[in-house]
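Data first, discussion second: the structure below is written as C-alpha cells.
The values are calculated or read from the model by the stated rules, or taken from the named source; none is laboratory data. Values in this document were obtained by computation on a predicted structure and should not be read as measured data. No Cβ is skipped: glycine too gets one built from the backbone with ideal geometry, and neighbour counts run over all protein chains shown.
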Amino acid sequence: MARRRPLPDILIPNPRILFVGINPSLRSAEVGHHFASPGNPFWKLLYAAKLVPEPLSCEQDDRLVEFGLALTNLCQRPTRSAAELSTQEMERGRMLLVRKIARINPQIVAFVGISIYRHFFKIAARDGAGDKPERIGGAQVFALPNPSGLNASFPGFKDKLVWFERLRDFARRQASASTDRW
C-alpha cells in the first residue's frame, strides 16, 4: 500500500547545510524516507565526502540533524520523474522554500540537482555544479549534481562524489570565514 502522507522535512534552526531536492521519488513516498530509491547514492555520497562521520541509510534520514544538516524538497508531490511537476507546483514550492529558508537560516543551501538550482533562480543556462554567486537571505548557494542513477551528465559515483567533496570544502571555508569575523 502506497504511503499518502507528505514526506516530512528534516529541519533544524541554523543548519550548516540545507539540502534541497526537487521532489520525492515514488519509492521515498512509499517508505517515508528521503532518497530511498535503490539506484540513488545520496547517502553513500554524504559519507564518502565526509559530510557525515558515519554511514547513514535513508531510514536514518532524521539523523542528519545530529551533524548540523537539514533536508527538504521544492515540491512535496512524489513523482516518477520531476518532469511530471507543473509550473504552478514548482512556483508554489519556490515561494514556500524561500519562507522555509528565512525561518531556519541555513549557512548554505545545497540544491541537489543543477536543474532545480536553475529553476529556483530562473536561469536559462549557466555553468553546472559548484558554489554560486547568488544568495538566499544570508545563505550561500551550492549546486550539486542530481545523485540519481538516471543523471547522464554525471553518470558514475566518482563523477558525483567530486561535487559532494567540493561542497564539504566550501562548507569548511564558509565556517572558517564566519569564525574569523568574530
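Only residues that are farther than 10 Å from Ile22 by Cα and touching a residue at least 40 places away in the same chain (Cβ under 8 Å): list them for the range 80-98, please.
Arg80, Leu97
Considering every residue within the range 107-116, establish whether at least one is farther than 15 Å from Ile22 by Cα, touching a strand residue (DSSP E or B) at 6+ places or on another chain (Cβ under 8 Å) and not in a loop (DSSP other than H, G, I, E, B).
For the range 107-116, residues farther than 15 Å from Ile22 by Cα, touching a strand residue (DSSP E or B) at 6+ places or on another chain (Cβ under 8 Å) and not in a loop (DSSP other than H, G, I, E, B): present.
Which condition from (1) more than 16 Å from Asn146 (Cα to Cα); (2) under 12 Å from the mean Cα position of the chain (by Cα) is the one that Leu46 breaks?
Failed condition: (1).
Among the residues that make up the range 148-169, is at least one of them within 17 Å of the chain's Cα centre (by Cα), part of a helix (DSSP H, G or I) and without any contact (Cβ under 8 Å) to a residue 12 or more places away in the chain?
Yes - at least one qualifying residue is present in the range 148-169.
State whether one or more residues within the range 119-139 are modelled with pLDDT under 95, closer than 20 Å to Gln174 by Cβ and in a helix (DSSP H, G or I).
Within the range 119-139, one or more residues are modelled with pLDDT under 95, closer than 20 Å to Gln174 by Cβ and in a helix (DSSP H, G or I).
Going residue by residue through the range 25-40, is there one that turns out to be in contact (Cβ under 8 Å) with a residue 60 or more places away in the chain, surrounded by 18 or more Cβ atoms within 10 Å (Cβ to Cβ) and touching a helix residue (DSSP H, G or I) at 6+ places or on another chain (Cβ under 8 Å)?
For the range 25-40, residues in contact (Cβ under 8 Å) with a residue 60 or more places away in the chain, surrounded by 18 or more Cβ atoms within 10 Å (Cβ to Cβ) and touching a helix residue (DSSP H, G or I) at 6+ places or on another chain (Cβ under 8 Å): present.
Quick check on my filter: what residues within the range 81-99 are farther than 16 Å from Arg135 by Cα and not charged (D, E, K, R)?
Matches in the range 81-99: Ser81, Ala82, Ala83, Leu85, Ser86, Thr87, Gln88, Met90, Gly93, Leu96.
State whether one or more residues within the range 20-41 are in a helix (DSSP H, G or I), in contact with a Leu (Cβ under 8 Å, 6 or more places away or on another chain), modelled with pLDDT of 95 or more and of a type in the set (A, V, I, L, M, F, W, C).
no
Against the condition at pLDDT below 90, more than 23 Å from Leu69 (Cα to Cα) and part of a helix (DSSP H, G or I), how does Ala177 come out, does it pass?
No: the conditions fail for Ala177.
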